[in-house]
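S.K.: Below is a structure I'd like to ask you about.
Any read-out appearing in this document is the output of simple, stated calculations on the displayed coordinates, not a laboratory observation. Quick caveat: nothing in here was measured; it's all calculated off a predicted structure. Positions of Cβ are generated from backbone atoms using ideal geometry, with glycine treated the same way; all protein chains shown enter the neighbour counts.
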Amino acid sequence: MKHYSLDEWMKYVKNEVDDDTREMFEDHLYSCDQCLDLYLIAVEEAEDELPVMADELNFTDMVMSKVQNQSQAIIIPFPEQKKPEKKKTVHKTAIFHYAVAAAMTILLMTTGVFQSLTQYAEGVQNTNFQEKKNSVTEGLVDKTFAWMDSLESNNKEEGK
Ligand SMILES: [Zn+2]
């Protein structure tokens, strides 16, 4: 098992690692008492660093950078931040539905669902076949839409 050094835990405590590293550190922390001790030492050291006021200008800079780090850390997981993304998704839903319906229609057409229809039409040599096929395709798209709508309403009911 790879362990992390006190310096690395200091970085973690001071919020100086990226999200992936943070996750790795946290996963390791759950399963390693040795590193948990180092982590607690790092927390204590980080706390000790805060009240040092040898230079007031540096202190101000330090506070400002801490505030920036803090606000970043707070803003990112905030639920309200995700709402605009959801709205975008809703706007795209109609186009998405059509794309899925079209893709499914093509899939069904190419996987032999229409094969029997085509063979039948060839035998009859029906000049209206093209029209017929179009209406069948439209009907299938409608059915696919209806099916997706029922899926969606089922999902909504499950969400309640
Ligand atoms: Zn460890």
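S.K.: Less than 13 Å Cβ to Cβ from L6, Lys/Arg counted +1 and Asp/Glu -1: what total charge do the surrounding residues give?
M.R.: Every neighbour counted, the sum reads -3.
S.K.: Quickly rank 8-15, 137-144 as a protection proxy: mean count of other C-beta atoms within 10 Å, highest first.
M.R.: 8-15, 137-144
S.K.: May I ask you to order 32-43, 95-106 by the average number of other C-beta atoms within 10 Å around their residues, highest value first?
M.R.: Final packing ranking: 32-43, 95-106.
S.K.: Nearest 0.05, what FRET efficiency do M24 and F145 give at R0 = 35 Å with Cβ-Cβ as r?
M.R.: After rounding, the FRET efficiency stands at 0.20.
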